Amino acid sequence: MKMDELDRKILALLRTDGRMSFVEIAKKLGVPRPTVYLRVKNMKEEGVIKKFSVVLDGEETKGAFLKLKTFLISKMSERVIGRAIKEMCDVPGVRLVSKIDKNTLFVVWRGSKFDPKKVKNVLSVENIEIVHCEE
C-alpha cells in the first residue's frame, strides 16, 4: 500500500491515542470523518494497522503481575496427579494448574511467599520435586 501524507498523519494520531475517534481525528486534520474511516479501514485491510491494543504503564501495573509465581510439581505418580490437580485448585492463591505430562503439573500462584512444605502437606505426598520457574 502506498501511503500519503494524510495516512501518515492519521497513523501519528493513532499512535498517540489508539482510542481517538474518527470524528476527533477528522477535526484535527481538517478532513471529513468518512475519509478518516476509509483510510483506517484500508490500512487495516492492507496490514499497515495490525491491531489496536493497550500498552500498560509499568508503574501502574507493577503490583498486579509481579506477585505471580510459576513452578513445576514433578515426580508425582500417575495415580496421585488427578487428585493433586483438584487439591491444588483449592489452595488460596493458586490461579492455574495445568498437567504438562503424566507426572508433572505447572502451577501459577499469586500471593505472598510460596511454601513448598504447604504444597506437600496439601497433596499428602513427600517425594515430589518442586521447581520455581521464576521468582
Here is a check on your reading of the model: is Thr70 under 15 Å from Lys120 (Cα atoms) and either within 25 Å of the chain's Cα centre (by Cα) or at pLDDT below 80 (or both)? no
If a residue has to be part of a helix (DSSP H, G or I) and surrounded by fewer than 13 Cβ atoms within 10 Å (Cβ to Cβ) to count, how many in the range 14-27 make the cut? 4
Find all pairs meeting these conditions: Cβ atoms under 6 angstrom apart; at least six residues apart or on different chains; first residue within the range 33-55 and closer than 15 Å to Leu13 by Cα; second residue of a type in the set (A, V, I, L, M, F, W, C) and surrounded by fewer than 14 Cβ atoms within 10 Å (Cβ to Cβ). Arg33/Val23; Val48/Met1
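The values are calculated or read from the model by the stated rules, or taken from the named source; none is laboratory data. Not measured: the values here are computed from a predicted model. With ideal geometry, Cβ positions are generated from the backbone for all residues, glycine too; neighbour counts draw on all protein chains shown.
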